[in-house]
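The values are calculated or read from the model by the stated rules, or taken from the named source; none is laboratory data. What you see is a predicted model, and the numbers here were worked out from it, not measured in a lab. Glycine also receives a Cβ, built like all others from the backbone with ideal geometry; neighbour counts cover every protein chain displayed. Ligands, DNA and RNA are excluded from the accessible area calculation, which covers all protein heavy atoms including side chains. Shrake-Rupley method; radii C 1.70, N 1.55, O 1.52, S 1.80 Å.
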Amino acid sequence: MGSKEWEPETIFDVFASQTARQILALASLRPMSAQEFADHCEHSLPTVYRRVNALQEYDLLQEDRAVEADGTQYKVFETNLERVCFEVEEGSVEVDLQLQHDMVDQFSTFWTDLEDTTDNRNDDH
């Protein structure tokens, strides 16, 4: 769902919200519903949904479905954020944002490259 580009001002705006930070921290423990976030953060459900939507716009939360014993389905969210690093150097602010799926993508790319190398070696013999 993430569609917006990151810029330092955007990151500061998103992380300025204590509710957004709480949601990210809670969602790193296990997938949670918006109602669970509201209960833990002691905020209204509309406030939580605004923050969840903002976090999803920047691909910081992943949405999934959970199913209760009676078959009822509901949305749950988990953190995609692995790390944010800020570096102030030579008159500028650099931001390095690392998402969990980035690591999966990097591993996938590494594995594909390794397979290609192996296939090429086998083709030579």
>> I'm trying to understand the selection: among the residues of segment 51-84, which are under 16 Å from GLU36 (Cβ atoms) and of a type in the set (D, E, K, R)?
In response: ARG51, GLU63, ASP64, ARG65, GLU68, LYS75, GLU78
> Assuming VAL67 fulfils every condition listed in (1) open to solvent by less than 70 Å² (accessible area, probe 1.4 Å); (2) farther than 10 Å from PHE77 by Cα; (3) hydrophobic (A, V, I, L, M, F, W, C) apart from one, which condition is it?
Replying inline: (1)
> Of the residues that make up segment 13-30, is at least one part of a strand (DSSP E or B), in contact (Cβ under 8 Å) with a residue 12 or more places away in the chain and within 17 Å of the chain's Cα centre (by Cα)?
Replying inline: no
> Only one residue in THR72, THR118 is modelled with pLDDT of 90 or more and open to solvent by 50 Å² or more (accessible area, probe 1.4 Å), so which one is that?
Replying inline: THR72
> Quick check: is even one residue across segment 36-46 within 19 Å of LEU97 (Cβ to Cβ) and open to solvent by 80 Å² or more (accessible area, probe 1.4 Å)?
Replying inline: no
